[in-house]
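Report on one structure; see the data block that follows.
The values are calculated or read from the model by the stated rules, or taken from the named source; none is laboratory data. Quick caveat, the model's predicted, so the values are computed rather than measured. Every residue, glycine as well, gets a Cβ built from its backbone with ideal geometry; the counts of neighbours run over all protein chains shown.
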Amino acid sequence: MRAITESDIRTSFVNCSKGEAKRLGLPKDLDEQPWEELDFLGWRDPGAPERTYLVSERDGRLVGIALRVTSGGGRGFTSRSMCSLCLTTRTGGGVALMAARRTGEAGRLGNTVGQYLCSDLHCSLYVRGTKESVAGGGLEESLSLEEKVTRLHANLNAFLDRITQ
């Protein structure tokens, strides 16, 4: 992913108002992101941890989505969950159900799309092995890094399609 600015981020959102995009909390370390290792920028709002955001490049433009971490019956510390984007298994709340309001009329009617995602949205780093999952005993894969990244992009694009269609 190319390095992006605060202005790039705020103008990229497709499922929230311009006012909401203007008020959302940005990552404090925006200038220090490992851009060359990111397939998308994802973060939790520093002032409202139940709010998360994801910005991705699609067809030469940025697409940002606002998500909410759903609160539900938490799973036990030893229970494993799998992120639907990077297919990383995590324990102890490392994967959370996040819901995004759909765009257009469906969104105005309150329709959302939910997906299980890494709680920290560091999927790109888990796929590349830059950041280790704490689940231990994860799945061994025979896919190359390029194949894992391609799968991550396909899963992300399918998720974004569900939100924007």
Qualifying residue in the range 88-100 (condition: exposed (fewer than 15 other Cβ atoms within 10 Å of the Cβ), touching a residue at least 40 places away in the same chain (Cβ under 8 Å) and charged (D, E, K, R)): no
Where Gly72 falls short, out of the listed (1) assigned to a loop (DSSP other than H, G, I, E, B); (2) at pLDDT below 90; (3) within 22 Å of His153 (Cα to Cα): (3)
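Looking for whichever is in contact with a helix residue (DSSP H, G or I) (Cβ under 6 Å, 6 or more places away or on another chain) and assigned to a helix (DSSP H, G or I) here; the options are Lys148, Lys131. Which one fits? Steps first, please.
Details: Lys131 fails: assigned to a helix (DSSP H, G or I).
On inspection, the qualifying residue turns out to be Lys148.
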Residues that are in contact (Cβ under 8 Å) with a residue 12 or more places away in the chain and touching a Ser or Thr at 6+ places or on another chain (Cβ under 9 Å), drawn from the range 18-33: Ala21, Leu30
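Quick check: anything in the range 90-107 assigned to a loop (DSSP other than H, G, I, E, B) and closer than 18 Å to Ile65 by Cα? Quick ask: steps written out before the conclusion?
To start, the set of residues in the range 90-107 that are assigned to a loop (DSSP other than H, G, I, E, B) comprises 92-94, 102-103.
Subset that is closer than 18 Å to Ile65 by Cα: 102-103.
For the range 90-107, residues assigned to a loop (DSSP other than H, G, I, E, B) and closer than 18 Å to Ile65 by Cα: present.
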Unmet requirement for Ile9, which otherwise passes all of (1) modelled with pLDDT of 95 or more; (2) farther than 30 Å from Glu147 by Cβ: (2)
Top-ranked residue of the range 10-57 - restricted to ones that are among the polar types (S, T, N, Q) and part of a loop (DSSP other than H, G, I, E, B), ranked as surrounded by the fewest Cβ atoms within 10 Å (Cβ to Cβ): Ser17
